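Contents: one structure, followed by commentary.
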Amino acid sequence: MRISRTAGVLAVSVLLLVPVVAQASSSSSPWPHSVTLTESALQGVHGTAPDATVRNVLTVTASGAALRVRLGNPFGGSALVARSVWVGLQSAPGSPALVRGSNHRATFGLRRTVTVPPGGSVWSDPLPLAVRRGDHVAVSVYAPGSPINDHTFPPPQTHTPGSFQAPGDAGADASGGGYGAFAPGVLWWVDAVSAVSDARGTIVALGDSITDGYNAFGGGPRWTDVLAARIGALPPGQRLSVANAGISGNTVSVQPNPYDPTNQCCGPPAPVRLERDVLSMPGVRYVLLLEGTNDIGGGDYAPPAPAAQVIDAMRGIAARVHASGRKIVGGTVLPMCNAAGSAKEQVRLAVNQWIRTSGTFDAVLDFDAVLRDPADPTVMLAAWRSDCYHPNAEGDRLLGESIDLAVFRR
């Protein structure tokens, strides 16, 4: 059963009859029975916000009502002061205009402004807004002078998160007339949207650029979007939302980042961000882990990791997920163009063998077997790869379609 926008308004009206509870929970867990409709894991802090409004646009992966949005300041050295936050529905892809009547001012503990201290995050109160799977939620934030906690990456070509900017406090402008061009892949402060939903829970995909959608060129969505479409088409009672917690350049083990000595490009290592980006999200039932490529590959600022380092990190993540009462699904590491017999290829094969056979994961998705070239298993088949590390859109489609949905019924 789909949740109508009218039903969403009624649900929120009931919720707002208990303002004491709303105020107490504004910076803690969302309402019971809510799920995460979309996510954009914040990766670092880059500068200070100008006197402008950022209209962030994210695609939701399930239907729901009583929307809430989370603002994050995990990396800022000073407070994030959001003077106004508005939430509506984008009227059309590429446009800053909003659906008529959909734009609502968000409150936080019934207050219109909110201060998020360094290292913190805050959920809004429920909004009188309902969505259907595939809708584009626009979250407009005016926080001049605040540290820019962002997620910026070369985006995929469809279902692309991104943002618009307008001078001054322009969140109430539903026409979008004051906003500039769309900045694909650029999001500030908004790291999650939740809702009361008929979905039975959330899958969080914890990963690096392969999950983030880097270089997924060729006209299709990311593999997580393919998975969301498939699982969202199941009968009611079997549906799940899918939250993408991929960050390009991320590592699965705690180590210096191979690409950036400042550690601001690629997010904290997966074990460090596990609580923020996965376990704290509402409705999480399954975690899908696909990482290890950057650890094994190394870079200018960190040497290639040995197999034991990668395996220990994965084992630790799985243990924490299980301790929280959730299940974890492991994906094997894709081919990386390392020569047969080379040290890096031996590490990748050892890690994949452990993923397949250790019993650490509740289920295994053999992504390596899906995309490798039968004639040379050290590389992805040419028709399915963008470069040595990344599938193209066709490769992402194959990954998304290869996933046995039965693993999410266990």
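The values are calculated or read from the model by the stated rules, or taken from the named source; none is laboratory data. Since the model is a prediction, treat every value here as computed from it, not as a measurement. Heads up, the Cβs are rebuilt from the backbone with ideal geometry, glycines too, and the neighbour counts pull from every protein chain shown.
General remarks:
- Flag for GLY218 being in a loop (DSSP other than H, G, I, E, B), in contact with a helix residue (DSSP H, G or I) (Cβ under 7 Å, 6 or more places away or on another chain) and at pLDDT below 95: yes
- Checked against (1) surrounded by 19 or more Cβ atoms within 10 Å (Cβ to Cβ); (2) in contact with a strand residue (DSSP E or B) (Cβ under 7 Å, 6 or more places away or on another chain); (3) part of a loop (DSSP other than H, G, I, E, B); (4) aliphatic (A, V, I, L, M), ALA339 passes all but a single condition, namely (1).
- Set ASP295, ASP260, ASP312: member being among the charged types (D, E, K, R) and assigned to a loop (DSSP other than H, G, I, E, B): ASP260
- When residues in segment 363-380 are screened for being touching a residue at least 40 places away in the same chain (Cβ under 8 Å) and in a helix (DSSP H, G or I), 1 of them pass.
- Index of the failed condition, THR158 passing every other in (1) assigned by TED's automatic domain parsing to the domain that holds PRO126; (2) in a loop (DSSP other than H, G, I, E, B); (3) touching a strand residue (DSSP E or B) at 6+ places or on another chain (Cβ under 9 Å): (3)
- Against the list (1) closer than 14 Å to VAL407 by Cβ; (2) among the small types (Gly, Ala, Ser); (3) loosely packed, with under 15 Cβ neighbours inside 10 Å, the condition GLY359 fails is (1).
- In the set (1) surrounded by fewer than 24 Cβ atoms within 10 Å (Cβ to Cβ); (2) touching a Phe, Trp or Tyr at 6+ places or on another chain (Cβ under 9 Å), the condition left unmet by ARG239 is number (2).
- The residues on offer are ASP173, ASP260, ASP277, ASP169, and the sole one that is within 30 Å of GLY94 (Cβ to Cβ) and assigned by TED's automatic domain parsing to the domain that holds ASP300 is ASP277.
- Among the numbered conditions (1) outside the structural domain of ASP277 (by TED's automatic domain parsing); (2) modelled with pLDDT of 95 or more; (3) within 27 Å of GLY400 (Cα to Cα); (4) of a type outside the set (Gly, Ala, Ser), the only one that PHE164 does not meet is (3).
Each row is one residue, and each column tells you yes or no for (1) in a strand (DSSP E or B); (2) in contact with a helix residue (DSSP H, G or I) (Cβ under 9 Å, 6 or more places away or on another chain); (3) without any contact (Cβ under 8 Å) to a residue 24 or more places away in the chain; (4) not aliphatic (A, V, I, L, M).
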site	(1), (2), (3), (4)
ALA62	no, yes, no, no
GLY72	yes, yes, no, yes
GLY88	yes, no, no, yes
GLY94	no, no, no, yes
SER102	no, yes, no, yes
ALA166	yes, no, no, no
ALA170	no, no, no, no
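- Number of the exception - SER163 against (1) polar (S, T, N, Q); (2) crowded, with 23+ Cβ neighbours inside 10 Å; (3) farther than 15 Å from ASN56 by Cβ: (3)
- Any chance ALA319 is in contact with a helix residue (DSSP H, G or I) (Cβ under 7 Å, 6 or more places away or on another chain) and modelled with pLDDT of 95 or more: no
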